[in-house]
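Structure first, commentary second.
Rule-based calculations on the coordinates, nothing more; no lab input. Quick caveat, the model's predicted, so the values are computed rather than measured. Every residue, glycine among them, receives a Cβ derived from its backbone with ideal geometry; neighbour counts consider all protein chains shown.
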Number of protein chains: 2
Amino acid sequence: MLDRAEPARRPWDEEPPPAEPGGAPGGQAAPGEWPLRPAAVELCLFTVAPHPEDARDALQVVLVRRGAPPFRGWWALPGGLLRPDESLSQAAARELAAETGVIGAHLEQLASFGDPTRDPRGTVSVVYLALVAAARVQLRAAAPATEAAWVPVDQLTRVPLAFDHAAILALAVERLRSKLKYSNIAFELVPARFTLRQLYRVYLAILDRGERQLPFSNFVRTFGRLAEGSVDDGFGRAPPLRVVGEARADGPGRPARLYEFVGRPGDERREFYRW
Amino acid sequence: MLDRAEPARRPWDEEPPPAEPGGAPGGQAAPGEWPLRPAAVELCLFTVAPHPEDARDALQVVLVRRGAPPFRGWWALPGGLLRPDESLSQAAARELAAETGVIGAHLEQLASFGDPTRDPRGTVSVVYLALVAAARVQLRAAAPATEAAWVPVDQLTRVPLAFDHAAILALAVERLRSKLKYSNIAFELVPARFTLRQLYRVYLAILDRGERQLPFSNFVRTFGRLAEGSVDDGFGRAPPLRVVGEARADGPGRPARLYEFVGRPGDERREFYRW
DNA sequence: CCAAAAGTGTTTTTCATACACCCATGC
DNA sequence: GCATGGGTGTATGAAAAACACTTTTGG
């Protein structure tokens, strides 16, 4: 079996299978032999906002305090058990709204965690990476009963986290950093209309770099080019950025152009930046 | 709550939480209100091997025939329910060995699927991407009771698949293609000692390209460079490839060098190839 | 005028691509 | 010899990086 030398078995030349099972009988959940491992979702919700202690911007994540055992009173990622009638992304959005009040954040699946020692109840957690612009967070006034807080990722080592959430967060931060290189993910962390300086700050905060390592002038050129090209270039794609006006100057210095992201969030950029 | 203007709440300045719950009481699995959604693992095991009809190599995937409802008699991805005492990757390795006899394949998590309509039992599937060199498959003689077959991915549209497995496979193929660009994943699909021509064939098969679109001579230069550099360059990493000899000529033409991959499979390449 | 922020010009370097060409083997 | 497959040399063009410099605002 599976020996490549055996007489060829060709599923693609067979006749179609017997019948379509819709809600066919006989398929119950219970395996009988072992207890089931329940599925849950958890969220790593990030934003980039002024650091509470430093002067610069910082990547921050939402933590909630657990109100029930295990790990009662500990800080943890928001999340909860998956319900019978919802998809994973629906559950993620529901838990995010319920525990933090944030609605409409960008959501994408990060990974799943199912080590049997991670949770005494044997839970398998599907973890979502969520991103929201800092400006949008203030608007949410719908406060649930949960205690929630933003924590800069450089302070995470000082906060004991429940379950394996410290490891999950480490992976989330790593993924976020690497996706900056080849995806449009950063546009989820700035307001709908933004200056290139704002976008630049997001890159600096997430990559934890100084202005020296990533000169602003080159950054502007690179991202400014994303607004060039015709709206329909016939073969490729339309430019993902559009100039929509000028920001008013709120201090000294020349006012910046305002941009709008008009590409699809899931799209990967063909370009690859080494930073 | 979560308003950034509220009086600062600083989890990282708090005293540590009360006590560590090891196997603390009170944490049982039952939520009481809804039935649990069980967790399972499924596998997309790929190899690159001669196409059964064409002359060229082809990317192929393992399918198994389901012996129980739902979808009894249909072709499906190998997989099964997660057991209480195992991690996700252990379950993936166990199911792979049980259903296909393949041991020691490269395993990495692909994504999880939990749409409530995907399975009448409400299963949430954590799907693994698995890769194995074709030369290693023949060696497995431990044949289980399951019926299994290799199917070239270009024939998948002709095979009706159980559940949402067609969508899962589409994602897996897309991920495999995109990871070729920036990861060391292709080395999992060639023998331990390989020629650059063998590696080249893997790239052509997965990307579904001809020799024109990706000239062999440039491929050789690019990957040959991966074997250059000192073993310890002090700051960066050691070269991920090493020349280990010459292949004997089994036909006309100059014999090729044999290479060995000595990097870590999970490592991402700093280089980014556009093909 | 000066400082600060936004953005451009210009050069250098790096690197992917293309393709001509040479090398080593079997027949 | 000639065909076949393995590899290198070299030119070209597109950007990424480095950095000087101009533009536009507030004080």
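Shown for B:Trp34, A:Trp12: other C-beta atoms within 10 Å of each C-beta, ranked fewest to most, produce the order B:Trp34, A:Trp12. Backbone geometry of segment A:155-162 corresponds, through the Karplus equation with coefficients 6.51, -1.76 and 1.60 at θ = phi - 60°, to 3J(HN,Hα) couplings of 9, 5, 5, 8, 10, x, 10, 6 Hz, x marking Gly and Pro.
For a Förster distance of 30 Å, can you work out the FRET efficiency between the beta-carbons of B:Ala76 and A:Leu171, rounded to the nearest 0.05?
Working: r = 29 Å, r/R0 = 0.98.
Efficiency for this residue pair is about 0.55.
Inter-chain neighbour count for B:59-72: the average number of beta-carbon atoms from partner chains within 10 Å of each residue's beta-carbon is 3. With neighbours defined as other Cβ atoms within 10 Å of a residue's Cβ, the residues A:Leu226, A:Leu36 order from fewest to most as A:Leu226, A:Leu36. What the phi angles of segment A:44-57 give under the Karplus curve with 6.51, -1.76 and 1.60, with θ = phi - 60°, is a coupling list of 10, 9, 10, 9, 10, 8, x, 5, x, 10, 6, 8, 7, 6 Hz, glycine and proline written as x.
Among A:Arg248, A:Arg83, what is the fewest-to-most ranking by other Cβ atoms within 10 Å? Don't jump to the answer; show the numbers that get you there.
Details: A:Arg248 8, A:Arg83 17.
If I rank by nearby Cβ atoms, fewest first, I get A:Arg248, A:Arg83.
log10 I(q)/I(0), Debye, Cα-only segment A:38-180, no solvent, q = 0.10, 0.17, 0.18, 0.21 Å⁻¹? The Debye formula, applied to the Cα set alone, gives -0.31, -0.94, -1.07, -1.51.
3J(HN,Hα) along segment B:68-85, derived from phi through the Karplus expression 6.51 cos²θ - 1.76 cosθ + 1.60 where θ = phi - 60°, amounts to 9, x, x, 6, 4, x, 7, 7, 8, 6, x, x, x, 5, 6, 8, x, 9 Hz, with x in place of Gly and Pro.
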